Amino acid sequence: MRLILPTFAKLNLTLRVMGKRPDGYHNLVSTFMKIPSGDVLYLSDSTAGIDIVNANIPLKGENIVAKALRIARAEGFKIPPLNVKIHKSVPPGSGLGAGSGNAAAVLQLFGAEKVAAKVGADVPFLCSGLNMAMVSGIGDHIEKVRTQMVHGVIAIPDWETETARAYKELDAIGYEIGIMLARTEMRDIYYANAGKRVGLLPNDFLKVLIPKHPKYNELFSMFDKGGADAWGVSGSGSAAFAVLKESVKFKWPDYVKHVLYF
């Protein structure tokens with residue numbers, strides 16, 4: 001048997017962190033949108049057990065696909081020994097959850113979606129079958145959003161963001177917004193979808209990202225001058241995005257290493 005699985009990633013159009021929980025995780029409120037990742041998984045039978053290989057990006061620690069299979073098997077799902085080769089298009093540390101999309105594709109293949117929350121915060125949404133949703137809690141509360149998907153461009157710069165460190169730095173700064181306001185901020189997505197200019201979409205991680213990487217301001221200015229209706233940063237970075245009514249040919253600075261369209 002050999003299977004080829006395309007996988008998805010997610011874009012955080014808005015993101016507010018509500019605070020740190022006693023168990024060490026963080027509660028959040030975020031507008032998630034599913035996007036193509038370009039990542040592809042090649043699965044085949046293996047007599048030697050699981051062998052996870054990233055075809056073009058070296059592995060660091062346990063791959064999330066291996067983690068997903070380990071948890072699913074521990075929960076009683078009958079999954080045969082597999083060889084998994086992963087061809088990555090989205091680099092790690094971009095805030096797009098492409099690795100979570102890899103894990104979600106494998107869980108869906110074997111009907112093991114119920115363990116998604118144990119694998120990672122982005123995995124339940126990517127297993128949900130929804131194109132857009134309001135996600136809260138630790139990623140385990142998912143509400144369908146009744147709006148059309150927006151379209152635009154994603155710029156991935158040459159720096160990475162370590163999510164755990166970004167949360168730690170945000171904890172030191174503190175949180176300023178309540179859950180009700182965070183939920184109503186989703187209305188900006190409706191406005192941008194209707195062609196109204198919204199500007200910078202809320203993401204609490206901007207407080208720690210911009211002082212480290214002021215070039216975000218250069219990207220935001222470029223999006224603004226290019227006629228974007230909204231722009232922002234996905235997750236804890238590093239990817240920046242713009243919501244566009246029509247295709248725009250940006251002159252990308254040298255530090256932008258990858259460009260995705262959604």
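Filter the range 122-159 down to the residues that are part of a loop (DSSP other than H, G, I, E, B), out of contact with any helix residue (DSSP H, G or I) (no Cβ under 7 Å at 6 or more places or on another chain) and touching a residue at least 60 places away in the same chain (Cβ under 8 Å) and list them by number. Across the range 122-159, the qualifying residues are Leu130, Asn131, Ile138, Val145, Met149, His151, Asp158, Trp159. Set side by side, the residues Ala116, Ala112 differ, and just one is farther than 26 Å from Asp188 by Cα, in contact with a Phe, Trp or Tyr (Cβ under 7 Å, 6 or more places away or on another chain) and at pLDDT 95 or above, which is Ala112.
For the range 69-128, the candidate set comprises residues that are more than 17 Å from Pro6 (Cα to Cα) and among the β-branched types (Val, Ile, Thr); within that set, the residue that is surrounded by the most Cβ atoms within 10 Å (Cβ to Cβ) is Val119.
Whenever a residue of the range 74-103 is under 17 Å from Glu62 (Cβ atoms), its partners that are assigned to a helix (DSSP H, G or I) and polar (S, T, N, Q), lying with C-beta atoms within less than 7 angstrom and at least six residues away or across chains, give the pairs Ile86/Asn102.
Taken over the range 104-120, residues that are without any contact (Cβ under 8 Å) to a residue 40 or more places away in the chain and part of a loop (DSSP other than H, G, I, E, B) amount to 2.
Within the range 158-189, the set of residues being out of contact with any Lys or Arg (no Cβ under 9 Å at 6 or more places or on another chain), surrounded by 12 or more Cβ atoms within 10 Å (Cβ to Cβ), closer than 22 Å to His213 by Cα and of a type outside the set (S, T, N, Q) comprises Glu160, Glu162, Ala166, Lys168.
Every condition in (1) out of contact with any Cys (no Cβ under 8 Å at 6 or more places or on another chain); (2) more than 28 Å from Leu244 (Cα to Cα); (3) assigned to a helix (DSSP H, G or I) is met by Gly99 except one, and the failing one is (2).
The values are calculated or read from the model by the stated rules, or taken from the named source; none is laboratory data. Source: prediction; values computed, not measured. Heads up, the Cβs are rebuilt from the backbone with ideal geometry, glycines too, and the neighbour counts pull from every protein chain shown.
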